[in-house]
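Let me begin by presenting the structure, written as structure tokens, before commenting on it.
Here, each number is a calculation from the coordinates, and none is a lab measurement. None of these values were measured; they are calculated from a predicted model. Counting neighbours? That spans all protein chains shown, and the Cβs are built from the backbone with ideal geometry, glycine included.
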Amino acid sequence: MVAVELCSGQLHTFTAKAILFATGGFGRMYRITSNAYANTGDGPAILARRGGPLEEMEFFQFHPTGIRELGILISEAVRGEGGVMRNSQGERFMERYAPSLLDLAPRDLASRAMMTEILQGRGIRGDRRIDDYLYLDATHLGREILDTKLPDISTFSKTYLDIDPAEQPIPVHPTTHYAMGGIPTDVNGRVRAGAENTFYEGLYAAGECACVSVHGANRLGTNSLLDLIVFGRRAGRHIAEYVGQAEMPGIARDEADPAREKIDGLMHRSGGGDPHGTSIRETMQNLMTEKVGVYRDEEGLSAAVRELKELRRQYQEVRVQDRGAAFNFDLLEVLELQNTLDLALITAGSAKNRQESRGAHSREDHPERDDENWLSHSLAYLTRLFWDRRPLSRPPVST
């Protein structure tokens, strides 16, 4: 394994009997996300570029109540206490979409309802644009409940919006939240090498970057802890057993050469390439939000795949302006941009490939679930832009 030391810019080569990827999600390929800036999918992208498959990448969860333009989550706790979502006409619109569950409907249903309201012109601005927003109204709860039971929400609203939720509704819209897909693993965190029951020796993954497929097409709230605590623990136990009997692999003298050549190319490239990749990043994020978001269709997904391929071509001309070695965040962002571009293409292609609606994957041109043809896992290969299916069978989790 080759790594860049941020504080010095030096390359370091490590050898180990086992490696565990725990690199988190990749929501930064979208314009509005609850994910941290570091969630650029480094682990899955590295594996994909080396020919490994990624699983169920079309399933990305959108949380219904992210703060307008920022994506910071306003949790279900507000709606659990009685907060309601309203459109520009003041209507509690969830009565139309989930008359029994109302504002506590599942995240995918609530996100689709919000986007429907927006696209039909009942967003607060009313311009039918995908970046319009709605209101989460908690004013009727009273300041005492907000301050005692929901203090974080009050703080977020005041800090990021200069809004007191006891006096004004909170502007919200669906935000990209959680990747159900990722690096395919078994229940012990071992990374699968393909549709057949084979594994990469000594390679493990856990957390949001991995796909054990326990979430199916739509993760339940707090089930990310299952990814972390249950399967992270199982992976750790299996690694401990594995390294006890595995041989230490050898290391080639030129192991770091490809990484060094890649960085040198970015640092010393001449010409008119996009400095920092800024416009490429913005185009990618807008494209994913508009065409691979809450609602999808064949035309939009085909355009997304085509345009993402072009953005990946443009990336080959990107240059890093900062030539310094120490703490070169310009270089870091350009390297991370490649990861998000690669995963964006896989996500768009996987969504185009699955011609049905299931869980968080909602196709307007294929609105029904199709178990006969699509009750299966999906695998995507970046190196040959190939999508495959895998049967549903999984070994049981031992207790």
>> Placing +1 on the Cβ of each Lys and Arg and -1 on the Cβ of each Asp and Glu in the chain, which of CYS7, VAL334, LEU228 has its Cα farthest towards the positive end of the resulting dipole?
In response: LEU228
>> Quick check: pseudo-label points 7 Å beyond the Cα along Cα→Cβ at ASP264 and SER302, how many nm apart are they?
In response: 4.4 nm
>> Which residues among the stretch 1-41 fall inside the zone where the amide N is under 20 Å from a point 7 Å beyond the Cα of ALA325, along Cα→Cβ?
In response: 2-14
> Just how far, in whole angstrom, is the stretch 1-45 from the stretch 75-106 if you go by their alpha carbon centroids?
Replying inline: 37 Å
>> With +1 on the Cβ of every Lys and Arg and -1 on the Cβ of every Asp and Glu, and nothing else charged, how large is the dipole of the stretch 14-70 about its Cα centre, in debye rounded to the nearest 20?
In response: 220 debye
> Any idea which of VAL187, THR65, GLY300 is furthest toward the positive side of the dipole for the chain, if Lys and Arg beta-carbons carry +1 and Asp and Glu beta-carbons -1?
Replying inline: VAL187
> Magnitude of the Cβ-charge dipole of the stretch 1-122, K/R +1 and D/E -1, about the Cα centre, nearest 20 debye?
Replying inline: 180 debye
> Roughly speaking, what is the centre-to-centre gap between the stretch 131-157 and the stretch 292-306 when only Cα atoms are used, to the nearest Å?
Replying inline: 34 Å
> Placing +1 at every Lys and Arg Cβ and -1 at every Asp and Glu Cβ, with all other atoms neutral, what dipole size does the chain have around its Cα centre, in debye to the nearest 20?
Replying inline: 460 debye
>> What distance in nm separates the two pseudo spin-label positions at THR278 and LEU385, each 7 Å out from Cα along the beta-carbon direction?
In response: 3.0 nm
>> Just to confirm the number: angle between the C-alpha axis of helix 329-353 and the first principal axis of the chain, 0 to 90 degrees, nearest 10?
In response: 70 degrees
> LEU375 to GLN355: extension gain in nm, 0.36 nm per residue of separation minus the Cα-Cα distance?
Replying inline: 6.1 nm
>> If packing is taken as the average count of other Cβ atoms within 10 Å, what order do 286-293, 381-388 fall into, highest mean first?
In response: 286-293, 381-388
> Quick one: which of 206-214, 222-230 comes out on top by average Cβ neighbours within 10 Å, and what's the full order, highest first?
Replying inline: 206-214, 222-230
> How high is the FRET efficiency between ARG96 and VAL230 when r is their beta carbon distance and R₀ equals 41 Å, given to the nearest 0.05?
Replying inline: 0.60
>> I'd like to compare 21-28, 350-357: which one has the highest average count of other Cβ atoms within 10 Å, and what's the full order after that?
In response: 21-28, 350-357
> With axes computed from alpha carbons, what is the tilt in degrees of helix 257-268 against the longest principal axis of the chain, rounded to the nearest 10 within 0 to 90?
Replying inline: 60 degrees
>> Bin width 10 Å, origin at 0, all Cα-Cα pairs of the stretch 63-178: what percent of pairs per bin?
In response: 15, 51, 31, 3
> Say the dipole of the chain comes from +1 at the beta carbon of Lys and Arg and -1 at that of Asp and Glu; which of GLY51, VAL320, GLY90 then lies farthest toward its positive end?
Replying inline: GLY51
> Cα to Cα, under 14 Å, and not fewer than 8 places away if on the same chain: which aspartates and glutamates meet these conditions relative to LYS17?
Replying inline: GLU201, GLU241, GLU247
>> Could you work out how much longer the chain between VAL2 and ARG143 gets when fully extended? Use 0.36 nm per residue separation minus the Cα distance between them, nm to one decimal.
In response: 45.5 nm
>> Once you keep just the Cα pairs under 8 angstrom separated by 6 or more residues, what percentage relative contact order results for the stretch 63-178?
In response: 35 percent
>> Please report the antiparallel percentage of the DSSP beta bridges confined to the chain, to the nearest 5.
In response: 80 percent
